[in-house]
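Asker: My structure is below; once you've seen it, I'll send some questions.
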Amino acid sequence: MAGAGTLAARQLAAQTQVARATRATPSPKIKDVQVIATSPAGLRLAVVKIVTDQDGLYGYGCATFTQRADLVVAAVEKYLKPFLIGKPADRIDDIWQACYNSSYWRNGPVLNNALSGVDQALWDIKGRQAGMPVYQLMGGKMREAVDCYGHASGAEIPQIIDSVRKYMSEGFRHVRVQIGVPGQAGYGAGRGDVKVLSLHNSPMFEPRDYMRRALKLFEACRTELGEEIELLHDVHERVSPTQAVQFAKDVEKFKLFFFEDPLSPEDIQWFRLMRNQCATPIAMGELFNSPHEWSPLITERLIDYIRVHVSQAGGLTPCRKIAIMGEMYGVKTAWHGPGDVSPIGHAANVALDLASYNFGIQEYSPFNAQLREVFSGCPEMKNGFLYANEAPGWGIEVDEKAAKKYPFGYGERGERKDYNGGWGEIRRRDGTIIKQ
Ligand code: GCO
Ligand code: MG
């Protein structure tokens, strides 16, 4: 009896200790939700800051949708903020599900970006609480650093070859190559100062002219740069579906690392045909917002790289799930990493890259001096590899005073930008609007 009494007493003491330990770390509650809107590199970036009721505990998340940035700010301030105040900041997926469903209609770019700002800020907070970088919370490193590709582009082939050589001399093993067509508004490349026949005054683009130039570029790259450099290319949904299938077959012999966005999200059914006709590795997904877009491409193994823009899909929480789903089906990750992702978003990409077995490649956009002035602690680039900041959370601090020096509406050189960040139009020679 005495022995049992002692056991009960010991159990009670242990329970009390557990209860005390639990009480010692109460959930931080969300006290404020703010949006930092800034464009230090001439591109509108939106970052959500969540402040908790615990002293000095806050976090940042990327909510950048540069073409409709003001609407994301309103979605966060007018809808998510009142919904979130008082909620426990440590229930990340639960909060994600609640916010996702609170608009009833969902999976649009504005709401997904707003949601991503909140989601990534909560991961930052959890990392700061744990005293660990976010990749640790996802299981830790699978690799030491993140292999990246840079952007080489120009109006003419020699310019592009020089630019690839420069990347190679800096240690890069992967480079995306883009070429312009004289006088035409190609994606990611100069057009030169040439007048072309056109029935309108808008920027003009003809798909077949571009495809011919691009094939010449790949040929020249292989002749002058050899077989070892990994070449990537972004079609940017600029050609028709049949042209895309033909183009994918024509580039097969150049052994690209990947061939990006040959089709638009509206035409994803055509991937099946492309797959049946060639072995060009396909990357797709930066325009995706909804699981209905990426799920069939992954489960039917119709692409090689899933290239979602993490904030467009709603943040780190859904993208972890996409990465794991990809692993099951042999599809690798290549998260979108252009200039219109904030350094917080780039840090989230790096965390996913480090912690996912099926990491493929990371797109790299350099952080200029103004970006570094606003965002300190950006991931570091060395020899073509990005290294995570090892400080807790994303490891990034935002200088909010500096952020105010770069309001929305101005370009990199302080010039006024049209359309409030929205894009203009591109037309074929006869005036037909095309995808950009
Ligand atoms: C890429 C892209 C981008 C997008 C841009 C849109 O890097 O692969 O296609 O440059 O065009 O992010 O705002
Ligand atoms: Mg792209």
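The values are calculated or read from the model by the stated rules, or taken from the named source; none is laboratory data. Remember, predicted model here, so these are calculated numbers, not experimental data. Glycine gets a Cβ as well: all are built from the backbone with ideal geometry, and neighbour counts include every protein chain shown. Accessible surface is based on the protein model in full, side chains and every heavy atom, while ligands, DNA and RNA are left aside. Shrake-Rupley method; radii C 1.70, N 1.55, O 1.52, S 1.80 Å.
Asker: Pairs under 6 Å by beta carbon, first residue farther than 16 Å from Val118 by Cα in the range 297-315, partner more than 13 Å from ligand 1 (Cβ to nearest atom) and polar (S, T, N, Q), six or more apart or different chains?
Answerer: Ile306/Thr333
Asker: Restricting attention to the range 256-290, report how many residues are touching a helix residue (DSSP H, G or I) at 6+ places or on another chain (Cβ under 8 Å) and open to solvent by 30 Å² or more (accessible area, probe 1.4 Å). Reasoning before the result, please.
Answerer: Let us first name the residues in the range 256-290 that are touching a helix residue (DSSP H, G or I) at 6+ places or on another chain (Cβ under 8 Å), namely 256, 259, 262-263, 265, 267-268, 270-271, 273-274, 277-280, 282, 284-285, 287-289.
From what's left, open to solvent by 30 Å² or more (accessible area, probe 1.4 Å): 267, 270, 273, 277, 279, 287.
Qualifying residue count for the region: 6.
Asker: A follow-up question, please. Can you tell me which residue among Leu371, Leu386 is part of a helix (DSSP H, G or I) and in contact (Cβ under 8 Å) with a residue 40 or more places away in the chain? Break it down into steps so the answer makes sense when it comes.
Answerer: Details: Leu386 fails: part of a helix (DSSP H, G or I).
Sole residue among the options that is part of a helix (DSSP H, G or I) and in contact (Cβ under 8 Å) with a residue 40 or more places away in the chain: Leu371.
Asker: May I ask you to list pairs of residues, at least six apart or on different chains, whose Cβ atoms are under 6 Å apart, with the first in the range 118-136 being at pLDDT 95 or above and the second being open to solvent by less than 50 Å² (accessible area, probe 1.4 Å) and of a type in the set (S, T, N, Q)?
Answerer: Pairs that qualify, where the first residue is at pLDDT 95 or above and the partner is open to solvent by less than 50 Å² (accessible area, probe 1.4 Å) and of a type in the set (S, T, N, Q), are Asp119/Thr317.
Asker: Still on this structure: Take Gly339 and tell me if it is in a helix (DSSP H, G or I) and either in contact with a strand residue (DSSP E or B) (Cβ under 8 Å, 6 or more places away or on another chain) or within 12 Å of ligand 1 (Cβ to nearest atom) (or both).
Answerer: no
Asker: Here are the criteria: (1) modelled with pLDDT of 95 or more; (2) open to solvent by 20 Å² or more (accessible area, probe 1.4 Å). Tell me which single one Ile179 does not satisfy.
Answerer: (2)
Asker: A follow-up question, please. Determine the pairs where a residue that is within 17 Å of Tyr58 (Cα to Cα), located within the range 392-407, has a partner that is open to solvent by 60 Å² or more (accessible area, probe 1.4 Å) and of a type in the set (Asp, Glu) with Cβ atoms under 8 Å apart, the partner being 6 or more residues away or on another chain.
Answerer: Going by the 8 Å Cβ cut-off, the qualifying pairs are Asp399/Glu373.
Asker: Right, here's the next one. Go through the range 234-250 and count every residue that is within 16 Å of ligand 1 (Cβ to nearest atom) and basic (Lys, Arg).
Answerer: Taking the range 234-250 and keeping what is within 16 Å of ligand 1 (Cβ to nearest atom), we get 234-239, 244.
Those still in the list that are basic (Lys, Arg) too: 238.
Looking only at that region, the number is 1.
Asker: Take Ala189 and tell me if it is modelled with pLDDT under 95, over 19 Å from His346 (Cβ atoms) and buried (at least 22 other Cβ atoms within 10 Å of the Cβ).
Answerer: Yes.
Asker: Name the residues in the range 339-370 that are farther than 22 Å from Gly188 by Cα and either at pLDDT below 95 or of a type in the set (Ser, Thr, Tyr) (or both), would you?
Answerer: The answer is Ser356, Tyr357.
Asker: Exactly one condition in (1) in contact (Cβ under 8 Å) with a residue 24 or more places away in the chain; (2) away from ligand 1 (no atom under 16 Å from the Cβ) is false for Gly285; which is it?
Answerer: (2)
Asker: Out of all the residues in the range 212-230, which are farther than 14 Å from Ile157 by Cα, open to solvent by less than 40 Å² (accessible area, probe 1.4 Å) and either within 16 Å of ligand 2 (Cβ to nearest atom) or within 27 Å of the chain's Cα centre (by Cα) (or both)?
Answerer: Step one: list which residues in the range 212-230 are farther than 14 Å from Ile157 by Cα, which gives 226-230.
Now drop any that are not open to solvent by less than 40 Å² (accessible area, probe 1.4 Å), which leaves 226, 229.
Correct list: Ile229 only.
Asker: How many residues, within the range 146-178, are among the basic types (Lys, Arg) and either closer than 14 Å to Tyr364 by Cα or in contact with a helix residue (DSSP H, G or I) (Cβ under 7 Å, 6 or more places away or on another chain) (or both)? Even if it seems obvious, please write down each step before you answer.
Answerer: Here is the first cut: in the range 146-178, the residues among the basic types (Lys, Arg) are 165-166, 173, 176.
Applying the additional criterion that residues be either closer than 14 Å to Tyr364 by Cα or in contact with a helix residue (DSSP H, G or I) (Cβ under 7 Å, 6 or more places away or on another chain) (or both) yields 173, 176.
Number satisfying all stated conditions: 2.
Asker: Okay, moving on. Filter the range 349-361 down to residues that are within 16 Å of ligand 2 (Cβ to nearest atom) and farther than 21 Å from Gly117 by Cβ, then give me how many there are. If you could, list the steps in order and put the result at the bottom.
Answerer: Here is the first cut: in the range 349-361, the residues within 16 Å of ligand 2 (Cβ to nearest atom) are 349, 360-361.
Narrowing further to those that are farther than 21 Å from Gly117 by Cβ: 360-361.
Total meeting the criteria: 2.
Asker: I need a count of the residues in the range 233-255 that are on the phi < 0 side of the Ramachandran plot, within 15 Å of ligand 2 (Cβ to nearest atom) and open to solvent by 10 Å² or more (accessible area, probe 1.4 Å).
Answerer: 2
Asker: Can you work out which of the residues in the range 318-345 that are farther than 23 Å from Leu302 by Cβ and out of contact with any Cys (no Cβ under 7 Å at 6 or more places or on another chain) is nearest to ligand 2 (Cβ to nearest atom)? Working first, answer last.
Answerer: Let us first name the residues in the range 318-345 that are farther than 23 Å from Leu302 by Cβ, namely 338-345.
Remaining after also requiring out of contact with any Cys (no Cβ under 7 Å at 6 or more places or on another chain): 338-340.
Working: Pro338: 7, Gly339: 12, Asp340: 11 Å.
Only one residue tops the list, namely Pro338.
Asker: So, in the range 382-415, exactly how many residues are modelled with pLDDT under 95 and either under 30 Å from Tyr210 (Cα atoms) or of a type in the set (Asp, Glu) (or both)?
Answerer: Within the range 382-415, residues that are modelled with pLDDT under 95 and either under 30 Å from Tyr210 (Cα atoms) or of a type in the set (Asp, Glu) (or both) number 4.
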